[in-house]
Every structure is written in structure tokens, then in C-alpha cells.
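What follows is one structure encoded as C-alpha cells, with my remarks underneath.
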Amino acid sequence: MKKQERPTLGLYIHVPFCRAKCVYCDFYSMAHKEAKMDAYVSALRSHLIEVAPTADGHTVDTVYFGGGTPSYLGSKRIIQLLQTVKKHYHLAKDAEITMEANPDSATEVSALRALRRAGVNRISLGVQSSDDTMLRRIGRVHNWQQVMDSVAAIRKAKIENLSLDLIYGLPDQTMEQWEKTLGDAMSLRPQHISCYGLKVEEGTPLWQQREELTLPDDDLQADMYLYTVEFLHHMGYEQYEISNFAQPGKASRHNLKYWQLGEYAGFGPGAHSDFGGVRYAYVRDLERYLRGELILSESETISPQERAQEYLMLGLRTAEGIDRRTFENRYRRRFDGLERRLVQDEAHGLCQRTPGGWRLTPQGFLVSNQIIGQLEDVLIEETQQRLARTESGNYQVQL
């Protein structure tokens, strides 16, 4: 009898430390906390060990160190955490192990080699722009030369899977500046590239400056995005999600878990999880976490209705899109109403049919929130109609 394979699980390990806080960042992270790093690693290891028994039936096939700036934690501490994972979890031999890094803290070849030997096989480098003036303006602590130095060190350490993060729509950014940043990024030959449109999030320094900023308008941001899609396609990168592009076979396996409703467990203050049918997150409070107080800021069991909405919302973020048969079989819902809505969007060039379902076009990705919201309204309306029919039937039986 063939041995039944374990379901897979991703681990997300949050590192809330940075050398400096960027003006646009609303993630839970903080600067000037070096003295807390050892205690934090100890708290993370305890947390990993505590959760391990609940993951005993799973194979961990992705580990993602996110932040903050995980590379700022230092290679020895990252390796300690990986050793804990290897000892207490069923870690797949071919697991994808990613560490986010900033160029200023990922230049030592010896440290990078040690990380590779410990299992780190993918680096996600926060570049954002190749324009030094722009980098200073948004609070980045590196320059373009450090980006090139970091990439050279990563390659010399034989870490072969490199992703670059870029941001478009920055203050006063022109199309020509964005085109140059993309071209400069391509000169580094990354296996993966993420391109995000700037969002001015409430509570950030950028939000406080918003009245004084000159940001690219919606039309220019849209042009930047569409240029990105076309340019990267021409350079041999496949778009597999709204903001993510990869050489064939180099899509982020960990991030695909989020978009394909895979299971993942998060560790650290502010970390989110979707594990065992429950979605939960820990409070954004470093001091309480250091004391071992694993307080949840949210926890909910996901209903079939919510899962169906998530399938649409997350699936339509991907180039693969959604599949009619998968939707109907998994959620016991008819797809007809959704298809009628999608046909209307198809007429405007916002989506297109696939062999088994539907996907958004690049123009559709620009208004994906609106399209997904309309589809969710269809689901909610159908649910209400079904409940009304059920209640009516019950009433007749009672008579």
C-alpha cells in the first residue's frame, strides 16, 4: 500500500527589527532594538517548539523569514531558528527557505554561505528603486551601489534564487525613472521580481506628508503597471500574480500558499496564520511576545461561504485565475451567476476565459478589487436567496 503523503505547511517567521523605518512602511517593525534580538530569537524558538506537535501530521515545504529586515538579525540567529525548525518539524528535503534582506545587511559572503549551508536557498532583496535620491527620500538606508554589491555577494555565496522588490508610483516619480529602475533591476538577472504600486497607508510618516506630496496620478500609475507587465514578459518573466513575475519554475512557493489557500503558520508579533481551518494573528506587541504571552489579536473559524469568497478573491489575483469545476466541487455552489458577471467584464477587456474557468487581464488587474467585490456581491445575493427558499420551505412543512 502506498504511504499517504502528509499535507504541506508553510512557516512564516516574523522579524520585527530594522536599521531604520521606511516612511511608507506599515508593517510591524521597529528600529534601534538590537539589544532585544537574542531574547527575541529565544522567544521565537520557544513558540516554534510549542506549536510543533500540532504540525506533526504536516510536511513543512516552505519557510519564510519576513519583516522588518530578517538579514539585520544576523546569520547566526537565523541559523539557530532554522535548526529549531529542522529538529521539531518534518522539513522537506527540497523545502523553499526564503530570507528577506536589505542590501546594506546582506553583503558578507561568509555569512551568506553559512546561511546557504543551513538551508536558505532564496533571498528576497528589498531594492525599491535604483535612484539614490529617491531611496533617500523614502527612508531607505542603502544606495544602488550597495544593491549591486549585495547581489554580487549573494551570487558568490551560491544562493541561486534571487528575488528583487521594487515600488512604482513614488513621489514625483516619472515614467522614465521607473523604466530605468526596471532596466537596472534586469541587469542583475534576478530569478523573480515583485513590483508594487505605492500605497500611502494611514499612520505612516508618508501619510502625514500626503498633503505636501506630488504622487503619480491613477493614469500614470496604470501606465507604469502595464509597461511593467509588457516589459517583463519581453524579458522572459511569467506573471503569476498581480505584482509578481518569475522566470519559469521560480515562482515563490511560499507566497503561492497565500493565493492558493494553502496552510501556513506564523510566528512572532503581528504574524498571521491560516492553519487547521482557523485564521488567527498575534498581537503586535514585542514586549508581551518576549514574555511568552502569545496573545491573539484575531481568531476565527472560516465558514464555507467565506472560503468561497476567498477562493475568488485570491484566485483572481493570480494569472491562473479560477476554475469552474474546482469552485463547484469544493464549495457546492453553482458558478452560473459568477459567469454571467464575468461575461460582462469580458466585454470590457477585463477578463478572459481559460480552458476551465476565468482569469483577469492586465487591465483587469488594475481594477481587481472592484471586479472581485462585484463577484462577492453575487455570492452573497445567491446565499440570501437560498436561505429565503429554505426558510420558506420550513414554514410550509410546519403548516
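Hey, T54 hits all of (1) in a strand (DSSP E or B); (2) of a type in the set (S, T, Y); (3) more than 18 Å from the chain's Cα centre (by Cα) but one; which does it fall short on?
Checking T54 against (1) in a strand (DSSP E or B); (2) of a type in the set (S, T, Y); (3) more than 18 Å from the chain's Cα centre (by Cα), the one that fails is (1).
Looking only at region 1-41, count every residue that is closer than 23 Å to T204 by Cα, aliphatic (A, V, I, L, M), out of contact with any helix residue (DSSP H, G or I) (no Cβ under 6 Å at 6 or more places or on another chain) and part of a loop (DSSP other than H, G, I, E, B) and tell me the total.
Count: 1.
For region 173-183, which positions are part of a helix (DSSP H, G or I) and open to solvent by less than 40 Å² (accessible area, probe 1.4 Å)?
Result: M175, W178, T181, L182, G183.
Please give the helices (runs of 4 or more DSSP H) falling wholly within region 184-263 in which 2 or more residues are among the aromatic types (F, W, Y) and within 30 Å of G10 (Cα to Cα).
The qualifying helices (runs of 4 or more DSSP H) are 253-259.
For the structure I just gave you, tell me whether K87 is under 27 Å from S150 (Cα atoms) and basic (K, R). If you could, list the steps in order and put the result at the bottom.
Details: under 27 Å from S150 (Cα atoms): no; basic (K, R): yes.
It is false that K87 is under 27 Å from S150 (Cα atoms) and basic (K, R).
Out of everything in region 36-49 that is touching a residue at least 60 places away in the same chain (Cβ under 8 Å) and open to solvent by 20 Å² or more (accessible area, probe 1.4 Å), what residue ends up being farthest from F275 (Cα to Cα)?
K36
Looking at A271, is it modelled with pLDDT under 95 and buried (at least 18 other Cβ atoms within 10 Å of the Cβ)?
Taking the combined requirement at face value, the residue does not satisfy it.
Restricting to region 185-209, count the residues that are over 18 Å from I242 (Cβ atoms), modelled with pLDDT of 95 or more and in contact with a helix residue (DSSP H, G or I) (Cβ under 7 Å, 6 or more places away or on another chain).
Qualifying residue count, region 185-209: 1.
Can you tell me which residue is least open to solvent (accessible area, probe 1.4 Å) among those in region 236-257 that are farther than 20 Å from A95 by Cβ and either of a type in the set (G, A, S) or modelled with pLDDT under 95 (or both)?
S243
Need pairs with beta-carbon distance below 6 Å; first residue closer than 18 Å to D94 by Cα and within region 113-131, second at pLDDT below 95; sequence gap 6+ or separate chains.
Note: no pairs meet the criteria.
Could you please let me know if R117 is open to solvent by 10 Å² or more (accessible area, probe 1.4 Å), charged (D, E, K, R) and under 22 Å from the mean Cα position of the chain (by Cα)? Step through it out loud before you land on a result.
On the way: open to solvent by 10 Å² or more (accessible area, probe 1.4 Å): yes; charged (D, E, K, R): yes; under 22 Å from the mean Cα position of the chain (by Cα): no.
No: the conditions fail for R117.
Which residues, taken from region 156-209, are in contact (Cβ under 8 Å) with a residue 40 or more places away in the chain and on the phi > 0 side of the Ramachandran plot?
K158, G169, D172, G203
For region 60-99, name all the residues that are more than 20 Å from the chain's Cα centre (by Cα), polar (S, T, N, Q) and open to solvent by 10 Å² or more (accessible area, probe 1.4 Å).
Once the filter is applied, which keeps residues that are more than 20 Å from the chain's Cα centre (by Cα), polar (S, T, N, Q) and open to solvent by 10 Å² or more (accessible area, probe 1.4 Å), region 60-99 yields S75, Q80, Q83.
Can you name every residue in region 100-114 that is in a strand (DSSP E or B) and either open to solvent by 30 Å² or more (accessible area, probe 1.4 Å) or β-branched (V, I, T) (or both)?
E100
When the residues of region 213-235 are filtered to those that are in contact with an Asp or Glu (Cβ under 9 Å, 6 or more places away or on another chain) and at pLDDT below 95, which remaining residue is surrounded by the fewest Cβ atoms within 10 Å (Cβ to Cβ)?
Filtering first and then ranking leaves T214.
Is region 162-172 home to any residue that is out of contact with any Cys (no Cβ under 6 Å at 6 or more places or on another chain), of a type outside the set (D, E), in a loop (DSSP other than H, G, I, E, B) and open to solvent by 10 Å² or more (accessible area, probe 1.4 Å)?
Scanning region 162-172 turns up no residue that is out of contact with any Cys (no Cβ under 6 Å at 6 or more places or on another chain), of a type outside the set (D, E), in a loop (DSSP other than H, G, I, E, B) and open to solvent by 10 Å² or more (accessible area, probe 1.4 Å).
Which condition from (1) in contact (Cβ under 8 Å) with a residue 24 or more places away in the chain; (2) open to solvent by 10 Å² or more (accessible area, probe 1.4 Å) is the one that P16 breaks?
So the condition that P16 fails would be (2).
Taking into account only those residues within region 127-161 that are farther than 23 Å from S252 by Cα and acidic (D, E), which is surrounded by the most Cβ atoms within 10 Å (Cβ to Cβ)?
Per the criteria, the residue is D131.
Report, by residue number, each residue of region 211-244 that is under 13 Å from the mean Cα position of the chain (by Cα) and within 12 Å of H192 (Cβ to Cβ).
Hits for region 211-244 are Y240, E241, S243, N244.
Go through (1) modelled with pLDDT under 95; (2) under 23 Å from T228 (Cβ atoms) and name the single condition T361 misses.
(1)
The values are calculated or read from the model by the stated rules, or taken from the named source; none is laboratory data. Keep in mind that this is a model prediction, so the values were computed, not measured. Every residue, glycine as well, gets a Cβ built from its backbone with ideal geometry; the counts of neighbours run over all protein chains shown. Remember, those area values only see protein heavy atoms, side chains included, never the ligands or the DNA or RNA. Shrake-Rupley method; radii C 1.70, N 1.55, O 1.52, S 1.80 Å.
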